[in-house]
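Engineer: The structure's right below; bear with me while I get my questions together.
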Amino acid sequence: MTLKIGIDVGGTFTDFVVARDGEPPQIHKTLSTPADPSIAVVEGLAQIAAAMDPPRTLEALAREIDTIVHGTTVTTNATLTGTGARCALLTTEGVRDALEMRRGVREEQYNNRYVNVRPLVPRARRIGIAGRIDRDGNELAPLDVAAVRAALADWRADGVQAVAVCFLNSFANPAHEQAAAALVRAEMPEAYLSVSTEVLPSIRFYERVSTTALNAYVGPKLEHYLDQLVGRLAGIGFSGLLLIMQSNGGVISPQAARDKAALTLLSGPAGGPGAGLFYVGAHGRDRCITTDMGGTSFEASVAVGAPMVKNDGEIARHKIALPMLDIHTIGAGGGSIGWLDEGGMLRMGPASAGADPGPACYGKGGKLPTTTDANVVLGYLDPAFFAGGRMALDVGAARRAIEEHIARPMGLSVEQAAAGMYRVACNNMAQGVREVTIKRGFDPREFPLIPGGGAGPIHGCLICSELEIPLLVVPREASVLCAFGMLMCELRHDFVRTFVARLEGLDWARMSALVDAMAHEGASLLAEERIEPARQRALLRLDCRYIKQYHEVSVPVPMAAIKARDTGAIAAAFHAEHLRLYGYSLQAEGTAIEIINLRLQAIGATERPAYRSEAAGSADASTAIKGRRSAYIPERDAFESVPVYDGHAMRCGHRIAGPAIVEQQTTAIFVSEAFDATVDALGSFVLYAKGRDDLIGQAQPAEEAIA
């Protein structure tokens, strides 16, 4: 039987999930190799092959793999660290400073030290070209081809690696952009080319030029990485299907990722929300808060029926207007460094020790105290069982780092300082959850929390106590949650066309033609990716607004409503969504509705591995007890001896009372005094507020949860 493998390359660890139909998924983690992330991918596969029963060669494993779904932080890290390509911009004469001017709105109104973000393309490499298209697509002035050639000659001499092309009103008529792009391909064939009408053919110039520049900035890095990855996989004999995770929660082919590199800016964490829905689905729930605490960052997102998607956002303060999951990221990971600010207040992150040198307890030369060091001192991690015993932790080094940098300056004991670090880290993460719940109009108390990442389950209970969330579901695969979610993702291609028109008096023929063109393009791409028509579908959304409003609301509309020319269905959907988002609608006033953009998502269903569920057994978990050890109890602000359970020995129906610790090879779960826990049919650990057994719900078969 063939294998399907999900791989999530993070800043500290590279995570693997190996799935085979009818068998429990196997998980594996290995340290990332930031200089060339593809090395860690192949090293991890080799370690998986050696650990199999019976062991096999790397080449033998490669022949068994049918599909690899891969998420990467290459583009994210290039943007965050400012290490993208040397790029240039061709734009319309007179607007080359749009990247610097942005929307002209001060982003931090009350911060008198605020400095605007530095544009990804410096002014000297932003060239305005004569030529003009009006908003209706009519040519007012021809493109200055000679000026384009002159700019390209200068950039060749300057070593430019990527060229972005974005002209005013090109969404209405792409002729000028197409002509400029043809010149770039002919005269700078080695350069990565990013054309706005290929990346984002929609209205609003600043958003379009920023997205196009971002795509150019990260394109060469992703292209180089994918070439390395594909080459290494081919070198070990892999001939299966390689899919790349994208920011909208779907997957695409490596070539599609090369062409539109900006689609992968949230590639790493994008698998988490779908995985969260799978696990809570086993309890008859269709909503959850998913978090992922890695070595460097902490991501939080909400899913209601499906992962929440937004059509624009920012990364490192650079605007990007492509569909992406609504994921909020902060610098709060296991490697986040503790420090004291100018006022002597304890802070955690956003700076991280990363994988090299890593936390002080890793024994790789790190001298600064991190969240992981605090967790070791507080007793949540067993120094001899970290990573299943493959990596011993140096408790003394952790204590010395906390003593020198936190405890002594604050006049505290090492244990008190570690407890403070833990509480501040949890508070930071709770604030991150507030960003995607309370600020989006959701009450976090109504959502179960799925704490993912290797360190996430240690902090889950305190985050929930802070937000009054009574239920957590900790999957056995929590440490590789995003990699697990990638195995359930479908192929997705997003298209957008600007179509400005009032709802009454619509040009239905033109609207239908645009929708059909997007659907045809999507079907062609899915066919190239070996998805037969029976497994394809298309979802349509319309960006609408009331007349004289500035911002739009994206509304799902059935394709049948377009074919039936049903104005009423579109209006009703918009009024309802506006009411949900803002608490009012103008339906009674009869205010006219305006369509701005048509959005279509072409989806191709992929083969998902089948997971088996387990029948409930005895509630007695005493056979899984490994021993006891002293750990910090936040509710009592004291250390106490708590039972330690072997998570791999716990079975469906087992129940334990907090405080307790559940250990697995790749993670540890701290069940605080305010919670009890049980194991569900999928093997997940369900933590619930004491006395709230009613929250557990009736577990369903895994197949129903997937559906």
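The values are calculated or read from the model by the stated rules, or taken from the named source; none is laboratory data. Please read these numbers as outputs of a predicted model, since none were measured by experiment. Ideal geometry is used to build each Cβ from the backbone, glycine not excepted, and the neighbour counts take in all protein chains shown. Quick note on the areas: whole protein, heavy atoms, side chains included, nothing else; ligands and nucleic acids left out. Shrake-Rupley method; radii C 1.70, N 1.55, O 1.52, S 1.80 Å.
Engineer: Looking at region 548-655, which GluC sites (Glu not before Pro) are in a loop (DSSP not H, G, I, E or B) and have at most 16 other Cβ atoms within 10 Å?
Structural biologist: Glu589, Glu607, Glu614, Glu635
Engineer: Could you please tell me the mean projected area of the C-alpha convex hull for the chain, averaged over all directions and given in square nanometres to one decimal?
Structural biologist: Averaging across all directions leaves 32.2 nm² for the Cα convex hull.
Engineer: Further question on the same structure: Give me the net charge of Asp53's neighbourhood, meaning all other residues with Cβ under 15 Å from the Cβ of Asp53; Lys, Arg count +1, Asp, Glu -1.
Structural biologist: That works out to 0.
Engineer: Could you pull out every one of the lysines with an alpha carbon less than 30 Å from that of Lys310, ignoring same-chain neighbours closer than 8 positions?
Structural biologist: Leaving aside lysines fewer than 8 places away in the same chain, those within reach of Lys310 are Lys4, Lys221, Lys260, Lys319, Lys439, Lys548, Lys563.
Engineer: Give the accessible surface of the chain per residue, rounded to a whole number of Å², with probe radius 1.4 Å and ligands, DNA and RNA excluded.
Structural biologist: 40
Engineer: Follow-up question, since we're still on this one. Cut-off under 28 Å on the C-alpha distance; same-chain residues fewer than 8 positions from Lys690 excluded. Which lysines are left, in chain and number order?
Structural biologist: Correct list for Lys690: Lys626.
Engineer: Step through the residues of region 532-546 one at a time and calculate ³J(HN,Hα) from phi using the Karplus curve (6.51 cos²θ - 1.76 cosθ + 1.60, θ = phi - 60°), rounding each to whole Hz and writing x for Gly and Pro.
Structural biologist: These are the phi-based 3J(HN,Hα) values: 6, x, 5, 9, 10, 8, 10, 10, 10, 10, 10, 7, 10, 7, 6 Hz.
Engineer: Summing -39500 (n - 2.57) over the DSSP H runs of n ≥ 4 in the chain and dividing by its residue number, what mean residue ellipticity at 222 nm do you reach, to the nearest 500 deg cm²/dmol?
Structural biologist: -9500 deg cm²/dmol
Engineer: From Cα pairs below 8 angstrom and at least 6 apart in sequence, can you work out the relative contact order of region 1-47, rounded to a whole percent?
Structural biologist: Result for region 1-47 is 31 percent.
Engineer: Which residues' amide hydrogens lie under 5 Å from the amide hydrogen of Val309, considering only partners 5 or more residues apart or on another chain, with H built in the peptide plane?
Structural biologist: Those lying under 5 Å, H to H, from Val309 are Asp326.
Engineer: Okay, moving on. Straight-line reach only, C-alpha to C-alpha below 25 angstrom: list the lysines that Lys364 could link to, leaving out same-chain residues fewer than 8 apart.
Structural biologist: Lys29
Engineer: Relative to the longest principal axis of the C-alpha atoms of the chain, give the angle of the C-alpha long axis of helix 272-281, reported between 0 and 90° and rounded to the nearest 10°.
Structural biologist: The helix 272-281 is inclined about 60 degrees to the chain.
Engineer: Provide the net charge surrounding Ser170, with neighbours chosen by a C-beta distance below 9 Å and charges set as Lys +1, Arg +1, Asp -1, Glu -1.
Structural biologist: Within the 9 Å Cβ shell, the charges total 0.
Engineer: Apply the Karplus parameterisation 6.51 cos²θ - 1.76 cosθ + 1.60, with θ equal to phi minus 60°, to every residue of region 234-241 and state each ³J(HN,Hα) to the nearest whole Hz, in sequence, with x for glycine and proline.
Structural biologist: Values per residue, Gly and Pro as x: 5, x, 9, x, 6, 10, x, 8 Hz.
Engineer: Tell me, which longest segment in the chain has none of the chymotrypsin sites (Phe, Trp or Tyr not before Pro) that fall in DSSP loops with at most 12 further Cβ atoms within 10 Å?
Structural biologist: Here the longest run is 115-549.
Engineer: Follow-up. From Cα coordinates alone, what are the radius of gyration and Dmax values for region 517-616 in angstrom?
Structural biologist: Values for region 517-616 (Cα only, Rg and Dmax): 18.3, 58 Å.
Engineer: Near the amide H of Ile320, under 5 Å away, which other amide H atoms are found, from residues 5 or more places off or on another chain, if H is placed in the peptide plane?
Structural biologist: Answer set, sorted by chain and number: Gly313, Glu314, Ile315.
Engineer: Does region 184-269 come out rounded, prolate or oblate by the C-alpha gyration tensor, with a ≥ b ≥ c the root eigenvalues, rounded set by a/c under 1.5 and, if not, prolate when a/b is larger than b/c and oblate if not?
Structural biologist: oblate
Engineer: First compute the accessible area of region 215-334 with a 1.4 Å probe, then give the percent of it belonging to carbon and sulfur atoms.
Structural biologist: That fraction is 51 percent.
Engineer: GluC sites (Glu not before Pro), restricted to region 429-477: which are DSSP loop and have at most 10 other Cβ atoms within 10 Å?
Structural biologist: Here the GluC sites (Glu not before Pro) that fit, given the DSSP loop and packing criteria, are Glu468.
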